[in-house]
1. Compute the orientation-averaged projected area for the stretch 64-172 from the convex hull of its Cα atoms and round it to one decimal in nm².
2. So, R0 is 30 Å and r is the distance between the beta-carbons of residue 123 and residue 97; what FRET efficiency does that work out to, to 0.05?
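Nothing in this text is a laboratory measurement; each read-out follows from the coordinates by a stated rule. Predicted, not measured: the structure shown is a model, and the values here were computed from it. Every residue, glycine as well, gets a Cβ built from its backbone with ideal geometry; the counts of neighbours run over all protein chains shown.
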């Protein structure tokens, strides 16, 4: 058994150098590579002129037409409803002290102001749109002062007052 192992080992040692040198005097088989095919009309188009890259967008457009509700917040103890209409119309309803259903009240408890609004786009990425308000009539002393503009944060889909202490949620 030992002789058999020695023979196998000796045989392996003698064959190993011929394997590492390519095996003998025969050359390796030739490898042929087909020439590359010429591009056809179905090849991908190549740009013939430099096209300018589009400028980055500053976010989605301003707030959409609809109703936005702001709960009581800093400086205001009641709900405020802002309705942005088509053609730039706006209505702001301050529910200061609504009259309960079925009760007889001297005053409805609701202050309604209307007018126009315009949207000014942001000047930098990540900044809000300004919703500039132009309301008709004088400020009613029963309601808190309405700011001259609101902010539309397109990145988060949120309408806020300038100091962001009062946020408005879009009503479906």
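1. Working: hull surface 30.9 nm².
Taking the Cα atoms of the stretch 64-172, their convex hull projects to 7.7 nm² on average.
2. On the way: r = 40 Å, r/R0 = 1.34.
So, using R0 = 30 Å, E works out to roughly 0.15.
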